[in-house]
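Written below as C-alpha coordinates is the structure these notes are about.
The values are calculated or read from the model by the stated rules, or taken from the named source; none is laboratory data. This structure is a prediction, so every number in the text was calculated from the model and none was measured. Glycine also receives a Cβ, built like all others from the backbone with ideal geometry; neighbour counts cover every protein chain displayed.
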Amino acid sequence: MLGPFYIAGAPIVAVGTNLVGDNRGERVLLHGRVLDTEGKPIAGALLDFWQTNADGLYVQQDPTQSTYNLRCRMASDDEGRYALVTVKPRHYSVPYDGPGGDLLRAAERNAERPAHFHVLVTAPGHKRLVTEVFPDDDPFIDEDAVFAVRQTLVAHFERKSDASAAAPYEVEAPYCDVNFDFRLEAIEGA
Ligand SMILES: [Fe+2]
(Lines give C-alpha, C1' and ligand atoms only; values in the text may rest on other atoms or scores of the structure.)
Protein backbone atom coordinates (compact mmCIF):
# COMPACT_ATOMS: atom_id res chain seq x y z
CA MET A 1 0.00 0.00 0.00
CA LEU A 2 1.25 3.46 -0.81
CA GLY A 3 -1.12 4.83 1.86
CA PRO A 4 -2.12 8.42 2.57
CA PHE A 5 1.17 9.64 4.04
CA TYR A 6 3.50 9.32 1.04
CA ILE A 7 4.99 12.59 -0.22
CA ALA A 8 6.74 12.60 -3.61
CA GLY A 9 10.02 14.41 -4.07
CA ALA A 10 11.87 13.53 -0.85
CA PRO A 11 15.54 14.61 -0.88
CA ILE A 12 17.94 12.26 -2.65
CA VAL A 13 20.67 11.29 -0.20
CA ALA A 14 23.78 9.10 -0.20
CA VAL A 15 23.89 5.53 1.09
CA GLY A 16 24.56 5.68 4.83
CA THR A 17 22.77 8.97 5.47
CA ASN A 18 21.67 9.78 9.00
CA LEU A 19 18.08 11.09 9.06
CA VAL A 20 17.82 11.53 12.83
CA GLY A 21 18.39 15.29 13.15
CA ASP A 22 16.55 16.50 16.25
CA ASN A 23 14.15 13.54 16.36
CA ARG A 24 14.11 11.75 19.66
CA GLY A 25 13.70 7.99 19.90
CA GLU A 26 15.59 4.74 19.67
CA ARG A 27 18.30 4.87 17.00
CA VAL A 28 18.05 2.35 14.15
CA LEU A 29 20.60 1.42 11.50
CA LEU A 30 18.51 0.03 8.65
CA HIS A 31 20.58 -1.59 5.92
CA GLY A 32 20.54 -4.38 3.38
CA ARG A 33 20.46 -4.95 -0.34
CA VAL A 34 18.12 -4.69 -3.28
CA LEU A 35 18.11 -8.03 -5.08
CA ASP A 36 16.33 -9.67 -7.97
CA THR A 37 14.34 -12.86 -7.45
CA GLU A 38 17.48 -14.91 -8.17
CA GLY A 39 19.39 -13.10 -5.43
CA LYS A 40 21.52 -10.97 -7.75
CA PRO A 41 22.15 -7.42 -6.47
CA ILE A 42 20.47 -4.55 -8.33
CA ALA A 43 22.69 -1.47 -8.51
CA GLY A 44 21.06 1.93 -8.86
CA ALA A 45 17.62 0.89 -7.56
CA LEU A 46 15.81 3.87 -6.06
CA LEU A 47 14.43 3.48 -2.53
CA ASP A 48 11.84 6.03 -1.43
CA PHE A 49 11.55 5.88 2.36
CA TRP A 50 9.06 7.33 4.88
CA GLN A 51 7.88 6.62 8.43
CA THR A 52 6.31 8.06 11.57
CA ASN A 53 8.41 9.64 14.27
CA ALA A 54 8.81 7.97 17.67
CA ASP A 55 5.37 9.27 18.70
CA GLY A 56 3.62 7.43 15.84
CA LEU A 57 2.94 10.63 13.88
CA TYR A 58 3.56 11.37 10.22
CA VAL A 59 4.54 14.89 9.17
CA GLN A 60 0.97 15.48 7.90
CA GLN A 61 -0.32 14.93 11.45
CA ASP A 62 2.28 16.95 13.31
CA PRO A 63 3.10 20.60 12.53
CA THR A 64 6.33 20.39 14.53
CA GLN A 65 7.87 18.11 11.87
CA SER A 66 9.33 19.50 8.63
CA THR A 67 7.93 18.26 5.29
CA TYR A 68 10.56 15.60 4.68
CA ASN A 69 11.35 14.67 8.28
CA LEU A 70 12.44 10.99 8.39
CA ARG A 71 12.00 10.69 4.62
CA CYS A 72 14.47 10.31 1.79
CA ARG A 73 15.25 8.75 -1.55
CA MET A 74 18.44 6.75 -1.99
CA ALA A 75 20.02 4.82 -4.88
CA SER A 76 21.49 1.40 -4.06
CA ASP A 77 25.26 1.18 -4.61
CA ASP A 78 27.19 -1.02 -7.08
CA GLU A 79 26.56 -4.07 -4.90
CA GLY A 80 22.87 -3.27 -4.45
CA ARG A 81 23.40 -2.03 -0.90
CA TYR A 82 21.47 0.67 0.89
CA ALA A 83 21.80 1.98 4.47
CA LEU A 84 20.34 4.74 6.59
CA VAL A 85 20.20 5.77 10.22
CA THR A 86 16.81 6.74 11.62
CA VAL A 87 14.65 6.38 14.73
CA LYS A 88 12.33 3.53 15.53
CA PRO A 89 8.78 4.32 14.39
CA ARG A 90 5.83 3.68 16.68
CA HIS A 91 2.53 1.88 16.24
CA TYR A 92 -0.41 4.17 15.50
CA SER A 93 -4.16 4.11 15.23
CA VAL A 94 -6.03 4.33 11.93
CA PRO A 95 -9.03 6.73 11.95
CA TYR A 96 -12.00 4.98 13.58
CA ASP A 97 -14.60 7.74 13.79
CA GLY A 98 -16.26 6.77 10.46
CA PRO A 99 -17.50 3.62 8.71
CA GLY A 100 -14.03 2.07 9.01
CA GLY A 101 -14.30 2.37 12.79
CA ASP A 102 -17.80 0.84 12.72
CA LEU A 103 -16.40 -2.16 10.82
CA LEU A 104 -13.47 -2.57 13.21
CA ARG A 105 -15.82 -2.43 16.21
CA ALA A 106 -18.27 -4.89 14.60
CA ALA A 107 -15.38 -7.31 14.06
CA GLU A 108 -14.07 -6.64 17.58
CA ARG A 109 -10.74 -5.57 16.12
CA ASN A 110 -8.49 -2.84 17.42
CA ALA A 111 -7.60 0.17 15.28
CA GLU A 112 -3.83 -0.05 15.75
CA ARG A 113 -1.22 -0.63 13.10
CA PRO A 114 2.12 -2.07 14.25
CA ALA A 115 5.08 0.27 13.69
CA HIS A 116 6.63 0.14 10.22
CA PHE A 117 8.95 1.70 7.70
CA HIS A 118 7.35 2.43 4.33
CA VAL A 119 9.56 1.75 1.31
CA LEU A 120 8.87 2.16 -2.40
CA VAL A 121 11.58 0.52 -4.52
CA THR A 122 11.97 1.01 -8.27
CA ALA A 123 14.62 -0.11 -10.76
CA PRO A 124 14.68 -0.19 -14.56
CA GLY A 125 13.41 -3.50 -15.93
CA HIS A 126 11.74 -4.46 -12.65
CA LYS A 127 8.25 -4.21 -11.19
CA ARG A 128 7.70 -1.41 -8.70
CA LEU A 129 7.63 -2.66 -5.11
CA VAL A 130 5.64 -0.80 -2.44
CA THR A 131 6.16 -2.44 0.91
CA GLU A 132 6.48 -2.02 4.67
CA VAL A 133 9.02 -3.39 7.17
CA PHE A 134 7.78 -4.20 10.68
CA PRO A 135 9.77 -4.59 13.93
CA ASP A 136 9.46 -8.09 15.34
CA ASP A 137 8.89 -6.78 18.88
CA ASP A 138 5.90 -4.55 18.15
CA PRO A 139 2.96 -5.16 20.53
CA PHE A 140 0.50 -5.13 17.60
CA ILE A 141 2.52 -7.29 15.20
CA ASP A 142 -0.18 -10.00 15.19
CA GLU A 143 -3.20 -7.70 14.96
CA ASP A 144 -2.57 -5.09 12.27
CA ALA A 145 -5.87 -3.22 11.72
CA VAL A 146 -5.28 -3.26 7.95
CA PHE A 147 -3.85 -6.82 7.60
CA ALA A 148 -0.59 -5.73 5.92
CA VAL A 149 1.85 -7.79 8.03
CA ARG A 150 3.52 -10.75 6.31
CA GLN A 151 6.11 -12.93 8.02
CA THR A 152 8.59 -11.99 5.26
CA LEU A 153 8.17 -8.30 6.13
CA VAL A 154 8.92 -8.70 9.84
CA ALA A 155 12.51 -7.72 10.64
CA HIS A 156 14.53 -8.45 13.75
CA PHE A 157 15.51 -5.26 15.55
CA GLU A 158 18.75 -6.36 17.18
CA ARG A 159 19.78 -4.13 20.08
CA LYS A 160 23.48 -3.21 20.11
CA SER A 161 25.14 -1.54 23.04
CA ASP A 162 28.33 -0.78 21.14
CA ALA A 163 28.39 1.26 17.91
CA SER A 164 31.85 0.12 16.72
CA ALA A 165 30.34 -2.34 14.23
CA ALA A 166 28.55 0.60 12.66
CA ALA A 167 31.64 2.82 12.45
CA PRO A 168 30.92 4.14 8.92
CA TYR A 169 27.57 5.50 10.11
CA GLU A 170 27.00 8.32 12.54
CA VAL A 171 24.93 6.21 14.90
CA GLU A 172 25.08 6.50 18.66
CA ALA A 173 24.89 3.42 20.89
CA PRO A 174 22.63 1.95 22.00
CA TYR A 175 20.92 1.37 18.67
CA CYS A 176 18.99 -1.32 16.81
CA ASP A 177 20.58 -3.04 13.84
CA VAL A 178 18.07 -4.05 11.16
CA ASN A 179 19.25 -6.01 8.14
CA PHE A 180 16.56 -6.27 5.47
CA ASP A 181 16.78 -7.11 1.75
CA PHE A 182 14.20 -6.04 -0.83
CA ARG A 183 13.51 -8.32 -3.79
CA LEU A 184 12.28 -7.00 -7.12
CA GLU A 185 10.63 -9.08 -9.80
CA ALA A 186 11.88 -8.57 -13.36
CA ILE A 187 9.44 -7.36 -16.00
CA GLU A 188 9.28 -10.10 -18.61
CA GLY A 189 10.77 -9.08 -21.93
CA ALA A 190 12.32 -5.93 -20.46
FE1 LIG B 1 2.13 3.85 7.76
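Residue by residue through region 118-152, note down the ones that are closer than 16 Å to residue 88 by Cβ and either surrounded by fewer than 19 Cβ atoms within 10 Å (Cβ to Cβ) or out of contact with any Pro (no Cβ under 8 Å at 6 or more places or on another chain) (or both).
Residues of region 118-152 that are closer than 16 Å to residue 88 by Cβ, as a first pass: 118-119, 132-141.
Residues satisfying the conditions are 118, 119, 132, 133, 136, 137, 139, 140, 141.
If the condition is being away from the ligand (no atom under 16 Å from the Cβ), small (Gly, Ala, Ser) and in a loop (DSSP other than H, G, I, E, B), then region 98-129 contributes 98, 107, 123, 125. Going through (1) without any contact (Cβ under 8 Å) to a residue 60 or more places away in the chain; (2) within 18 Å of residue 6 (Cα to Cα); (3) of a type in the set (A, V, I, L, M) one by one, residue 43 falls short only on (2).
Looking only at region 16-59, residues that are acidic (Asp, Glu), within 16 Å of the ligand (Cβ to nearest atom) and either in a strand (DSSP E or B) or at pLDDT below 95 (or both) come to 1 in all. Can you pull out the residues in region 72-97 that are part of a loop (DSSP other than H, G, I, E, B) and out of contact with any His (no Cβ under 9 Å at 6 or more places or on another chain)? Answer for region 72-97, where residues must be part of a loop (DSSP other than H, G, I, E, B) and out of contact with any His (no Cβ under 9 Å at 6 or more places or on another chain): 76, 77, 78, 79, 80, 88, 90, 94, 95, 96, 97. With respect to (1) surrounded by fewer than 20 Cβ atoms within 10 Å (Cβ to Cβ); (2) touching a Gly at 6+ places or on another chain (Cβ under 8 Å), the lone exception for residue 115 is condition (1). All but one of (1) part of a loop (DSSP other than H, G, I, E, B); (2) more than 27 Å from residue 24 (Cα to Cα) hold for residue 138, so report the exception by its number. (2) is the only condition that residue 138 fails.
Looking only at region 56-68, decide whether some residue is at negative phi and touching a strand residue (DSSP E or B) at 6+ places or on another chain (Cβ under 6 Å). No.
When you go through 163, 155, 167 one by one, which is the residue that is surrounded by 18 or more Cβ atoms within 10 Å (Cβ to Cβ) and hydrophobic (A, V, I, L, M, F, W, C)? Residue meeting the stated conditions: 155. Of all residues in region 1-15, those satisfying the criterion of being away from the ligand (no atom under 16 Å from the Cβ), part of a loop (DSSP other than H, G, I, E, B) and touching a Lys or Arg at 6+ places or on another chain (Cβ under 9 Å) are 9, 11, 15. Kindly evaluate residue 186 against the criterion of being over 24 Å from residue 94 (Cα atoms) and free of Cβ contacts under 8 Å to residues at least 60 places away in the same chain. Here the answer is no, as residue 186 does not meet what is asked. Inspect all residues belonging to region 86-97 and state whether any of them is more than 16 Å from the ligand (Cβ to nearest atom) and either at pLDDT below 95 or buried (at least 20 other Cβ atoms within 10 Å of the Cβ) (or both). There is at least one residue in region 86-97 that is more than 16 Å from the ligand (Cβ to nearest atom) and either at pLDDT below 95 or buried (at least 20 other Cβ atoms within 10 Å of the Cβ) (or both).
Filtering region 62-72 to residues that are within 14 Å of the ligand (Cβ to nearest atom) and either among the basic types (Lys, Arg) or more than 21 Å from residue 134 (Cα to Cα) (or both) leaves 62, 71. Summed over region 63-85, residues that are in contact with a Ser or Thr (Cβ under 7 Å, 6 or more places away or on another chain), surrounded by fewer than 19 Cβ atoms within 10 Å (Cβ to Cβ) and among the hydroxyl-bearing types (Ser, Thr, Tyr) total 0.
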